[in-house]
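Contents: one structure, followed by commentary.
The values are calculated or read from the model by the stated rules, or taken from the named source; none is laboratory data. Model, not experiment: these values are computed from the prediction. Quick reminder, even Gly has a Cβ in these numbers, built from the backbone with ideal geometry, and neighbours come from all protein chains shown. Surface accessibility is based on the protein's heavy atoms, side chains included, excluding ligands, DNA and RNA. Shrake-Rupley method; radii C 1.70, N 1.55, O 1.52, S 1.80 Å.
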Amino acid sequence: MTQQSTSPAVTTPSPASGSPDPSSPDPTLETHIRTCPLCEATCGLEITLKDGEITRIRGDREDVFSKGFICPKGSTLKQLHADPDRVRTPLIKRNGEFVPATWDEAFEAVAEGFGKIWEAGDRNAIAVYLGNPTAHSMAGAMFAPPLIKAIKTNNLFSASTVDQMPKHVSSGFLFGGPNAIPVPDLDRTDYLLMLGANPLESNGSICTAPDFPGRLEAIRSRGGKVLTVDPRRTKTADASDEYMPIRPGTDALWLAALVTEINTAGLVDPGRLSPMLDGLNETLQILSPFTADSVAAHTRIRPEDTRRIARELGEAPTAAVYGRIGTHTTEYGTLASWLVEVLNIVTGNLDSAGGAMFPEPAYGAPTKGRTPSGRGFLTGRWTSRVSEHPEVRGEFPVAALAEEIDTPGPGQVRGLLTSGGNPVRSCPNSERLDAAFAQLEFMVSIDIYINETTRHADVILPSPSALAKPHFDFAFYGLSVRNIANYSPPLHDADDATEPGMDEHEIFARLTLIASGLGAQADPEMMYSMMLQTVAERGGLNAEEEQTAATAANYTGVEAILDLMLRTGPYEDLNLAALLAAPHGIDLGPLKPRLPEMLRTASGHIEMANPSITADVPRLVLLLDSVPDDRLLLVGRRHLRSNNSWMHNISVLVKGKQRCTLQLNPVDASELGILDGQDASLQSETGQVVALVEITDEVAIGTVSLPHGWGHDAPGTVGSVAAATPGVNSNLLTGDQFIDPLSGNARLNAIPVTVAAI
Ligand SMILES: Nc1nc2c(c(=O)[nH]1)N[C@H]1C(S)=C(S)[C@@H](COP(=O)(O)OP(=O)(O)OC[C@H]3O[C@@H](n4cnc5c(=O)[nH]c(N)nc54)[C@H](O)[C@@H]3O)O[C@H]1N2
Ligand SMILES: Nc1nc2c(c(=O)[nH]1)N[C@H]1C(S)=C(S)[C@@H](COP(=O)(O)OP(=O)(O)OC[C@H]3O[C@@H](n4cnc5c(=O)[nH]c(N)nc54)[C@H](O)[C@@H]3O)O[C@H]1N2
Ligand code: SF4
Ligand SMILES: [Mo]
């Protein structure tokens with residue numbers, strides 16, 4: 001086991017911002033500062049302990065970014081830590097029952113189970129699924145790539161294809177890099193056009209901005225405008241200057257019409273982007289069939305509103321268009337995502353203060369002074385076995401995972417590794433996936449619960465609680481509205497009595513060694529040194545000297561690697577010691593223009609009309625020419641107190657009113673003869689559920705809404721609180737055949753359904 005230093009108590013106790021702290025004379029109190037890892041907002045937490053027990057978690061008022069903001073989930077890390085249902089020892093399934101095992105036994109079982117499948121000679125027979133918490137963990141960010149490389153499978157799947165993959169694809173083709181993702185410059189913009197996002201519940205996504213509500217309020221109080229486009233009048237819509245309902249699934253049409261109307265109004269002005277731009281005229285030309293009038297029947301947005309908004313957007317001193325999950329999880333996700341950037345470009349707002357800008361995280365090679373050029377972005381370097389889906393960023397659509405398992409033939413998937421994911425609740429056609437998992441020969445899950453997915457595992461490798469893990473937000477500092485760096489050492493030791501006894505990164509390291517053929521007993525230190533060497537060499541440093549220095553500094557394996565990543569990153573003088581000395585974080589300043597240096601397209605330009613994207617526009621023209629869908633369309637919903645399919649086992653979060661309800665507009669309800677509080681059946685092409693009806697004009701006429709991630713009534717799961725408020729699983733309704741062809745992203749919104757009283 002690698003030694004893990006736990007976080008030193010800072011100022012004992014810490015008076016927040018100089019205010020007198022009544023508890024200050026108590027020497028048994030300790031205060032620890034860390035970043036909440038649960039969502040993308042990266043809030044600072046102030047955790048008070050008395051005699052080693054957590055007594056309070058509140059927002060860290062001195063956090064350089066979140067300044068005391070916190071949501072109800074952040075303070076429940078204590079309950080999560082204490083949850084008796086959390087898995088605290090490795091588990092091996094014997095005769096259909098999980099039995100506790102030692103770590104050595106568990107890794108031996110993994111080596112044997114996967115080994116049998118590998119022995120048959122097909123590396124692709126083992127699939128990997130990486131879920132959302134993997135992206136929020138240091139272990140996932142650092143160690144998932146070498147693990148995947150060692151497993152050598154083409155069958156890589158993740159929550160990205162039920163989420164943001166369209167954004168990676170549009171960025172890849174436009175800018176040459178799938179991670180070159182512009183975020184709205186919230187703190188400086190005069191005009192925010194937000195589509196398919198509900199940051200007052202989600203706290204923001206692909207736009208890391210703790211206290212999103214406060215930042216929206218600030219736009220308005222400095223005289224700017226916030227406009228929210230959503231089929232549901234959300235809390236975010238209520239906190240906006242203007243709310244515009246839209247028919248689900250039609251954002252790409254509307255965004256295309258905005259481009260045309262901006263052009264018609266003579267407001268196209270890319271400004272300093274012009275010399276970096278290829279394909280502007282071609283783009284305007286190809287989008288000309290989409291006008292305020294031509295898209296109105298589909299979007300149900302009045303042409304005069306579209307024209308007015310086009311003008312506002314074109315004339316605003318600065319403006320940012322921001323599309324999130326409601327625009328991505330449709331069959332036109334990549335087009336919508338591309339059109340968001342087209343709007344930011346034609347209005348001259350891309351890469352400009354107050355517009356949509358590229359963050360520059362503290363790690364990664366500096367781009368300043370580099371010549372803009374690269375290899376460009378490619379998809380389809382290999383294809384999936386059954387439906388021949390192109391790979392995108394090395395992944396296949398998770399909508400195709402079930403068919404890869406349940407379709408017999410050479411190359412069939414027979415083994416699976418999941419990490420921090422619950423695809424049996426989060427992915428389309430989950431009933432098929434559930435059945436497919438049941439037929440796997442061998443499955444391993446890295447997780448903290450026995451849930452709908454992990455109950456199928458043969459071995460569960462338990463991660464420590466979030467408080468017992470080191471934390472640095474690799475993914476989200478790259479998507480942040482300010483450049484920030486903050487590191488949290490673990491608060492509890494991974495070896496302490498409440499924990500399973502192994503760091504999450506060590507679980508990854510050991511699996512990597514097994515997949516490399518070195519066996520279950522191989523020393524994980526090998527992995528840390530190899531990674532350190534790679535980072536050192538990449539940064540032109542001497543690996544041996546670095547290793548010695550890290551040992552002298554008493555850094556753990558991951559800390560030493562992080563230190564090197566920071567020192568070889570774009571910010572001078574930034575290193576782990578600086579972060580350890582700054583528990584409230586280091587503010588590296590507002591976003592700065594990064595074009596053209598960071599372009600990695602083959603042309604070295606912004607490839608606005610990249611043929612890989614424009615080839616899909618005719619499909620949008622077909623939609624335009626089709627008869628508008630007048631069926632009821634289902635959309636999802638997030639609640640502040642929930643987190644995808646988990647955190648439903650924490651009673652303070654789930655207590656109160658049932659949240660898994662089917663929202664129905666009063667007009668639709670009366671037409672269907674359905675009453676509030678009644679159960680109704682909801683039928684799609686794929687499946688059927690029965691849900692409790694909530695009648696509300698929050699949802700537009702013709703739209704119904706059911707949250708995802710519920711349905712905690714499967715046998716064999718362990719979560720007594722979750723089971724008492726199970727809700728229903730909305731992904732029984734989402735089909736696995738409906739995907740965005742360019743990104744492979746699943747359609748999770750705009751699902752045609754019939755609703756009937758029962
Ligand atoms: N219909 C519909 N479906 C959706 C969505 C939607 O809007 N509508 N949203 C989609 C989106 S955006 C996403 S990201 C996906 C999420 O999909 P997934 O990532 O598949 O599922 P989660 O519900 O996030 O499950 C997280 C899992 O990680 C475990 N876990 C929690 N903390 C840790 C940890 O520290 N370590 C480890 N190893 N495991 C941990 C939990 O127990 C749980 O099993 O769902 C998608 N599904
Ligand atoms: N409390 C909480 N916070 C979370 C999560 C959670 O489950 N709970 N999940 C986290 C994850 S993994 C993610 S990815 C983020 C997601 O964060 P957001 O992208 O902000 O996601 P949502 O809150 O689901 O908001 C999506 C909105 O899109 C709308 N919508 C649906 N279909 C359409 C459409 O066709 N067009 C338009 N314009 N709008 C549409 C929905 O009505 C909804 O209001 O949230 C993260 N934060
Ligand atoms: S908003 Fe997100 S990061 Fe902040 S406390 Fe809530 S869950 Fe944690
Ligand atoms: Mo997500």
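So how much slack lies between LEU675 and GLU545, counting 0.36 nm per residue of separation and subtracting their Cα-Cα distance, in nm?
39.6 nm
Just report the Cα centroid separation between segment 39-99 and segment 455-530, whole Å.
Here the two parts' Cα centres lie 16 Å apart.
At each listed q (0.06, 0.08, 0.10 Å⁻¹), what is the log10 of I(q)/I(0) that the Debye formula gives for the chain modelled as equal alpha-carbon point scatterers?
Values, matching the q order: -0.34, -0.63, -1.04.
Using the alpha-carbon centroid of each, what span in Å lies between segment 570-611 and segment 641-709?
Segment 570-611 and segment 641-709 have Cα centres separated by 41 Å.
Could you tell me the convex hull volume per residue, in Å³, taken over the Cα atoms of segment 629-757?
In segment 629-757, the Cα hull volume divided by residue count equals 122 Å³.
What are the equivalent ellipsoid semi-axes of segment 410-516, built from the alpha-carbon gyration tensor (square roots of five times its eigenvalues), in whole angstrom, biggest first?
That gives 29, 19, 14 Å for the three semi-axes.
If you take every DSSP beta bridge fully contained in segment 629-757, what fraction is antiparallel? Give it as a percent rounded to 5.
About 70 percent, rounded to the nearest 5.
For SER720 and LEU692 in the same chain, what is the full-extension length gain: residue separation times 0.36 nm, less their Cα-Cα distance, in nm?
This chain segment gains 7.9 nm when fully extended.
Give me the distance between the Cα centres of segment 282-334 and segment 373-401, rounded to whole Å.
Comparing the Cα centres of segment 282-334 and segment 373-401, I get a distance of 29 Å.
Looking at segment 133-235, which trypsin sites (Lys or Arg not before Pro) are in a loop (DSSP not H, G, I, E or B) and have at most 12 other Cβ atoms within 10 Å?
Values: sites: LYS149, LYS152, LYS167, ARG188, ARG215, ARG220, ARG222, LYS225, ARG232, ARG233, LYS235; in loops: LYS152, ARG188, ARG222, ARG233.
Counting only loop positions with at most 12 other Cβ atoms within 10 Å, the trypsin sites (Lys or Arg not before Pro) in segment 133-235 are LYS152, ARG222.
Along the three principal axes, how long is segment 237-315 when you take its alpha carbons, biggest first, rounded to the nearest angstrom?
The Cα atoms of segment 237-315 stretch 39, 28, 20 Å along the principal axes, largest first.
Please give the residues of segment 680-703, grouped as numeric ranges, whose backbone N is less than 19 Å from a label point set 7 Å along the Cα-to-Cβ vector of ARG631.
680-691, 700-703
Per 10 Å bin from zero, what fraction in whole % of the C-alpha pairs of segment 144-288 is there, up to the bin with the longest pair?
9, 29, 36, 19, 6, 0
How much of the accessible area of the chain, in percent, comes from carbon and sulfur atoms when a 1.4 Å probe is used? Mind showing how you got there, number by number?
Working: 14030 of 26680 Å².
After summing per-atom areas, the C and S share lands at 53 percent.
Rolling a 1.4 angstrom probe over the protein chains, ignoring ligands and nucleic acids, what is the accessible area of ASP51 in square angstrom, nearest 10?
Counting only protein heavy atoms, the figure is 110 Å².
In 5 Å bins starting at zero, report the fraction of Cα pairs in segment 549-705 per bin as a rounded %.
In order of increasing distance, the bins hold 1, 6, 9, 9, 8, 7, 9, 10, 11, 11, 9, 5, 2, 1, 0 percent.
With an 8 Å Cα cut-off and a minimum separation of 6 or more residues, compute the relative contact order for segment 698-758 in percent.
Working: 39 pairs, mean separation 14.7, N = 61.
Relative contact order comes out at 24 percent.
Hey, which of these cross-link pairs are over 21 Å Cα-Cα: LYS78/LYS655; LYS368/LYS592; LYS116/LYS152; LYS469/LYS657; LYS73/LYS235; LYS73/LYS225?
Violating the 21 Å limit, Cα to Cα: LYS469/LYS657; LYS73/LYS225.
Over all alpha-carbon pairs in segment 360-472, figure out the percentage whose distance exceeds 26 Å.
The answer is 39 percent, as a whole percent.
Hey, what number do you get for the chain at 222 nm if only DSSP H runs of n ≥ 4 count, each worth -39500 (n - 2.57), divided across all residues, to the nearest 500?
Details: 28 runs with 230 residues, N = 758.
Calculated at 222 nm, the ellipticity per residue is -8000 deg cm²/dmol.
Please quote Rg/Rh for segment 533-614 to two decimal places, taking the Kirkwood radius as Rh and restricting both calculations to Cα atoms.
That ratio equals 1.15.
Per residue, what accessible area does the chain have, given a 1.4 Å probe and all protein chains present, in Å²?
35
Quote the Stokes-Einstein diffusion coefficient, in whole µm² s⁻¹, for segment 453-579, based on the Kirkwood radius over alpha carbon pairs, a temperature of 4 °C and a viscosity of 1.567 mPa s.
Roughly 80 µm²/s, to the nearest whole number.
Hey, what's the per residue convex hull volume over the C-alpha atoms of segment 649-690, in cubic angstrom? List each step's numbers first, then the result.
Working: hull volume 4.3 nm³, N = 42.
Enclosed volume per residue, from the Cα hull, is 102 Å³.
Count the DSSP beta bridges whose two residues both fall in the chain, then state the antiparallel fraction as a percent rounded to the nearest 5.
55
Suppose each label sits 7 Å from its Cα in the direction of the beta carbon; what would the ASP241-VAL667 distance come out to in nanometres?
2.7
Mark the label point 7 Å from the Cα of GLU597 along Cα→Cβ and return the residues of segment 320-354 whose backbone N is within less than 11 Å of it.
none
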